[in-house]
Structure formats: C-alpha cells, structure tokens
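The values are calculated or read from the model by the stated rules, or taken from the named source; none is laboratory data. None of the values given here were measured: they were computed from a predicted structure. Don't worry about glycine lacking a Cβ; one is built from the backbone with ideal geometry, like all the others, and counts go over all protein chains shown.
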C-alpha cells in the first residue's frame, strides 16, 4: 500500500510556482518589473494579507504562505545568486577600470545619503546605532530593478549606466560589512569585547583570503575537469556547488553568504567558463530571487499604510528627494553632465532590496523598534514601486535639460556653403557613420546633422562635417544646402523623427531624392506614402543579408546569389510602394465616406433645421 502523501508539505512550493507563472508573464506584458509583482503577491498571500482571514475561513490557508521563517532560508539564496551573477559580470579588470566611480562616487553617495537619512531618522528611532542602520538601509538602492531598467533601455554603457552600476556595486559590496556589524551589535548576544571583535574580524579576513586564494588555484582546473565530461547536468551541479560552498564558507566565518558568492563570481569571471556558468545559473537566480521578494512581501503589513498614510508617504517622498538631490550633486564632480546627473539621482533615489534585508536584520537584533521597522519596510517597498515611473521621468527631464543646455559655440556653427552634389545625412549614430564612411570612400561630399551634442563634438574633433541640429527644422535643412543637395539620407531610429524630417524636406524641395531607414515593412510603406524614394526596412534587409550569406556559404555561385537578392529586394520595394498607394487610397475613401456621412443628415434635416436638432 502506498504511503499517504502529505499535501501540506507541497503547498508552498506549488503556490510559489503558480505565483511565478502568473506574475512574470503578467508584469512583463504590462512592462513593469516582476520584482514589484512578487512583492505584491507576498503581501497578498502572506500572513498580513489573506492570512488574516484564515481563522474565519480555514480553507484560505491552502492559498496563503503560512511559514515565513522556513521560506526566508530559501529566499536568502536569491540574494546569494544575484550577487554571484553580478560578480560574473564584473571581473577584476572592470573593477579596476571603474574604481573611481565605484569607490569614489559610490562610497560618497552611500556615506552622505546614509548620514542625511540617519540624522532625519534619529528622533524616530531614539538611538544612534538604530539611526545609523536606518540611514544605511534607506541609502541603498535597488540593483534588482534599476539594472534591468537600464539594460532594457540599452544604456548600460552610457554615463548614466556606468555611474548607476558603479554606485549599486559599491552598495552591494557594503551590504556584507553592514550585516556583519548588525550581528556584532545584536542585543540578544553576549556583550562584545575587544578580543571577540578582533577574533571575528580575523576570521573574516582569513575566510576572504581562503576564498580568493583557493578560488584562483582550484576553479579553472575544476571546471576543466567537469566540462571534459560534456555533461550539462554535471556542469550545472558544479556551478551550484561553487556558489553554495563559497557562500557557506563566508557565512561560517561571520560574513554574509552573498559576499562569498560575489567573490566566487568575480574569480570565475576571469576564466573561459564565465558565460557558460552565467547561463546555467540564470534560471536558479530568477526563481530564487522571486522567492526572496515574495518572502519580503510576506513580512510587509499593508495595513500600516492605511493606519498612517500621510506619514509613510511623506517619509517615502523625503527619502527619494534627499537621495536624488545628493546623488545629482555628487555626480557632477565625477564627470556627469547636469542632465545625466539628474537622471542618475532619480534612478538611485528609491531604496532597494538590500535595505529590506538590513531593516529586517536590525529589527530582529533589537536595534530598531518593531513598529518603526515595519513602517520603514513599507516605505522602502513604496519607493521601489516608484522606480519604473522615476526612470521614465528622469529620462524625460534629461532630454529636456539636454536641449536647454548651452551648447559649445563650435557645434552651432552652420555648415559651410553647399558643395555641388552634396548629400545630407540626418542622424549620425552607428548607421549614419557607416553611410558617411561609404560616401567618403566614393569621394561624395556630405554634411551630417545629429541631436547628440557629445557625439557631434567627438565627430567634429575627428574632422568630420557633423553639426548639431534637428533635421525636421526647415531652416537647418536650408543651411545644409538642401536646394543644391543631391540626396537626403535619414538614418534616425525613431519613426516619428524620421517622418518629421521627410515632411520638412519634401516641403522645402519636392524633387530631392530621399533614402530613409525604416523600422519594419509597415513603417516603410508609410514612408513611401509620405514621399521617400527608397525606404530600407531593418527586418527585411537583415533577412536578405542572412539569405545571401547562407546561399554563398553552401556553394551557390555568388553572381546568382547577388542577382536573386537584388531581384527579391526589388519585389519587396514594389510591394511596399503598392501597399503605400493602397493605404493612401483607403484613407481618402474613408475621409470621403465620413464627409458624406456627416453631410447626409444635415441635408435630410430640411432647410430650417440641422441634423438632430430643430431650430427654435
């Protein structure tokens, strides 16, 4: 007879997997960080959410998380795997490259923000140690939300991306010493003596030395041995073993598990296995981070927001405002422009997931009163919820400040008098630069315009004819010599910006040849309708280039390949032009029907009336 199954033991894993299966797709569709969804799910399904109804409705127990303590042990590995993957992406070389931003900007930001917020929190907490920990917790920003937001915008290598990453990295490195300090100051532990503190620090140093030293000696040979088996299962087991062993060694020596995992990631980043390890770990990191944020949500009491909404919202707003202001001011001496500094301040202004960890540990150690700690957990969560909105706000403010910023007089000088046969290039990013290079190779004179002053300044220093300006302005097109130009090439990536340049150019000179980049076939058809001579859809062109490469690689004669590619490109062009004509006709017919539809009731109403309403 089969043993009875304890369904209660499987309740929380199944509930979490169901939550992940619903939260991630839903929030991805809404273009909101899944982190916020996990936090909301934890609050809803935790003891302070639906858990409150269990005494009256026992069946609700099956759809709530009833064991926060048990979940927290698994959740800790979410942070461990997060720091491991951050270490994988870092490497010692990159850390040296970013050392000024990491240890300069990052350290000053953390110290000054913690000091300012700690001073404000002192009258609430009532103790110096508690105020310092509250200040440190609120000073930390959200790596798990900010980095994906910047990565989604493809701006990790911009000044804003580098400054944000550097500050977040320093904050992540600071978490371990802060947690170590909390453990030392724990009110439930015996009194700390100088000797015991010195021994604890010695243990920590020895553990760090052992992890780094053994890691350099063992990791590469170990992964060589494992990868020689060509077994994905063994490779996965090896990755998990490295993460768990290094984190547990760090924890046994009094450090945080996260710091040990971070060091292991940094050591592996210098090996040829870094990408394979990163790909293997990603699924575990995603799921365990989900468990972490659900567990954090379970500890949040949303009723506290209802009890003191004005106070909690005011503290959340003050936290963001103080941090954003200090970070924006600090970013200027480190080379960021005013628009980039403002955007960085708004990105890093909210608090983050490690702040939740520190506040929870501080409350558990008796250093922060439980009631105040609960309120601050809600404050931290509210600021994290605001990150996507603040990121969009920061981007818009940055663009507006960029446009209003006084330009280098050299950038605003109008182009030289038009040369015969000149080509105008609107947009001088990667695509525009390639177009300019090809024009130079064929000795075709050109002038380029672009809206990025940094790019324009760099190209001007390189001796290229690039000027600052918006191609949709007729005055600028006239200054570029559109009347004598041979052609206009538009390489911008925003459809609305492309259409603005096309319209302005056609008004200035109806017969000029316009060749434009297009997002896809639909956008190309719209551009043909607006009057471009050639629209190059990125999707179709990439498909044709792939087809050309595969046909030539499998031995089809190059002449036949090129001829067929050109023939197919012409077919696409004809179809897109025909589609643009048809769409234009459909719009004309639609407008005519609307006009007839509006006129018919008026005509039927009679000479003394209007449709639907008689004249009095």
> Mind checking which residues of the range 149-164 are under 18 Å from residue 386 (Cα atoms), surrounded by 20 or more Cβ atoms within 10 Å (Cβ to Cβ) and free of Cβ contacts under 8 Å to residues at least 40 places away in the same chain?
Replying inline: none
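For the range 365-375, enumerate the residues that are in contact (Cβ under 8 Å) with a residue 24 or more places away in the chain, touching a helix residue (DSSP H, G or I) at 6+ places or on another chain (Cβ under 8 Å) and closer than 16 Å to residue 127 by Cα.
Just the residues of the range 365-375 that are in contact (Cβ under 8 Å) with a residue 24 or more places away in the chain, to begin with: 365-369, 372, 374-375.
This time we only want the ones that are touching a helix residue (DSSP H, G or I) at 6+ places or on another chain (Cβ under 8 Å), so: 365, 367-369, 372, 374-375.
Those that are in contact (Cβ under 8 Å) with a residue 24 or more places away in the chain, touching a helix residue (DSSP H, G or I) at 6+ places or on another chain (Cβ under 8 Å) and closer than 16 Å to residue 127 by Cα: 365, 367, 368, 369, 372.
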> in the same structural domain as residue 523 (by TED's automatic domain parsing), modelled with pLDDT of 80 or more, surrounded by 15 or more Cβ atoms within 10 Å (Cβ to Cβ) and closer than 24 Å to residue 526 by Cα - does that describe any residue in the range 581-593?
Replying inline: no
> Taking residue 87, is it assigned by TED's automatic domain parsing to the domain that holds residue 387, under 13 Å from residue 323 (Cα atoms) and in contact (Cβ under 8 Å) with a residue 24 or more places away in the chain?
Replying inline: no
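Within the range 179-225, track down each residue that is over 15 Å from residue 249 (Cα atoms), modelled with pLDDT under 70 and assigned to a helix (DSSP H, G or I).
In the first step, residues of the range 179-225 are kept if they are over 15 Å from residue 249 (Cα atoms); the result is 179, 181-199, 216-225.
So of that shortlist, the ones also modelled with pLDDT under 70 come out as 183-197.
Within the range 179-225, 183, 184, 185, 194, 195, 196, 197 meet the criteria.
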> Somewhere in the range 370-386, is a residue at pLDDT 80 or above and surrounded by fewer than 16 Cβ atoms within 10 Å (Cβ to Cβ)?
Replying inline: yes
> Conditions: (1) exposed (fewer than 14 other Cβ atoms within 10 Å of the Cβ); (2) over 18 Å from residue 575 (Cβ atoms). Residue 520 meets all but one. Number of the miss?
Replying inline: (2)
> Can you pull out the residues in the range 503-524 that are over 32 Å from the mean Cα position of the chain (by Cα) and assigned to a helix (DSSP H, G or I)?
Replying inline: 503, 504, 505, 506, 507, 508
>> Out of 508, 499, I need the residue that is over 30 Å from residue 159 (Cα atoms) and at pLDDT 85 or above. Which one?
In response: 508
> Checking residue 322 against (1) over 30 Å from residue 217 (Cα atoms); (2) surrounded by 14 or more Cβ atoms within 10 Å (Cβ to Cβ); (3) within 22 Å of the chain's Cα centre (by Cα), which test does it fail?
Replying inline: (3)
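Which of the following residues is modelled with pLDDT of 85 or more, over 30 Å from residue 46 (Cβ atoms), assigned by TED's automatic domain parsing to the domain that holds residue 204 and exposed (fewer than 15 other Cβ atoms within 10 Å of the Cβ): 252, 237? Steps first, answer last, please.
Values: 252 fails: modelled with pLDDT of 85 or more.
Going through 252, 237 in turn, the sole match is 237.
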>> Can you find, within the range 45-61, the residue that is farthest from the chain's Cα centre (by Cα) among those that are within 15 Å of residue 304 (Cβ to Cβ) and either free of Cβ contacts under 8 Å to residues at least 12 places away in the same chain or buried (at least 23 other Cβ atoms within 10 Å of the Cβ) (or both)?
In response: 52
>> If residue 555 meets every condition in (1) modelled with pLDDT of 50 or more; (2) part of a helix (DSSP H, G or I) apart from one, which number is that one?
In response: (2)
>> When you check residue 496 against the structure, is it in the same structural domain as residue 427 (by TED's automatic domain parsing), under 21 Å from residue 577 (Cα atoms), touching a helix residue (DSSP H, G or I) at 6+ places or on another chain (Cβ under 7 Å) and outside any loop (DSSP other than H, G, I, E, B), yes or no?
In response: no
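Could you pull out every one of the helices (runs of 4 or more DSSP H) wholly within the range 57-169 that has 3 or more residues that are within 30 Å of residue 14 (Cβ to Cβ) and either in contact with a helix residue (DSSP H, G or I) (Cβ under 9 Å, 6 or more places away or on another chain) or at pLDDT below 80 (or both)? Step through it out loud before you land on a result.
Details: elements: 68-97, 106-125, 128-139, 143-152.
Helices (runs of 4 or more DSSP H) meeting the threshold: 68-97, 143-152.
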>> without any contact (Cβ under 8 Å) to a residue 60 or more places away in the chain, closer than 17 Å to residue 39 by Cβ and within 19 Å of the chain's Cα centre (by Cα): is that true of residue 290 in this structure?
In response: no
